[in-house]
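Taking it in order: structure first as structure tokens, then the write-up.
The values are calculated or read from the model by the stated rules, or taken from the named source; none is laboratory data. Keep in mind it's a predicted model, so treat the numbers as computed, not measured. Cβ sites come from the backbone with ideal geometry, for glycine too, and all protein chains shown count toward neighbours.
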Amino acid sequence: MSKSWFTFITFCATPALAVALGSAVLFAGAAVAFAAPGGAKPAATQESNKARRAFAGLITDDRCGARHDMDSGKSTTECTKMCVRNGSKYVLVEGDKKYDLAGSGSELDGLAGQRVKIIGSLDGNTIKVDSISSGQ
């Protein structure tokens with residue numbers, strides 16, 4: 001009698017295990033087949049894409065950009081500071097590119113209108129400033 005129970009359990013468990021193994025192989029294969037081309041990058045790799053790098057250019061405001069109104073009688077520094085006081089944001093103009101700056105307002109204010117070298121990370125169109133120094 002006990003042998004018949006063992007045979008019955010073996011008879012039921014074997015197909016169930018075979019179906020489970022087949023499903024696992026099928027789903028693993030589907031995951032590989034539908035993966036993004038080149039493989040999806042893990043979050044840690046995406047963060048390393050925002051690595052620190054150097055930027056060089058002119059600190060100015062997003063209203064005037066690199067061309068300040070010379071008829072105003074103000075220097076580039078004075079014009080930049082005035083525009084920022086009136087609601088503009090600091091930007092870095094690097095050739096034909098313009099980047100928003102996220103950093104210490106007092107540090108940016110002290111170098112407004114000057115050519116600078118910035119070490120930071122780029123996130124979209126915003127440079128997160130780690131360090132900044134005058135000149136190139």
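Summary of values
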| read-out | value |
| --- | --- |
| Out of 28, 44, 54, 16, sole residue that is modelled with pLDDT of 80 or more, in a helix (DSSP H, G or I) and out of contact with any helix residue (DSSP H, G or I) (no Cβ under 7 Å at 6 or more places or on another chain) | 16 |
| From the options 63, 115, residue that is of a type in the set (D, E, K, R), surrounded by fewer than 17 Cβ atoms within 10 Å (Cβ to Cβ) and either out of contact with any Ser or Thr (no Cβ under 7 Å at 6 or more places or on another chain) or without any contact (Cβ under 8 Å) to a residue 12 or more places away in the chain (or both) | 115 |
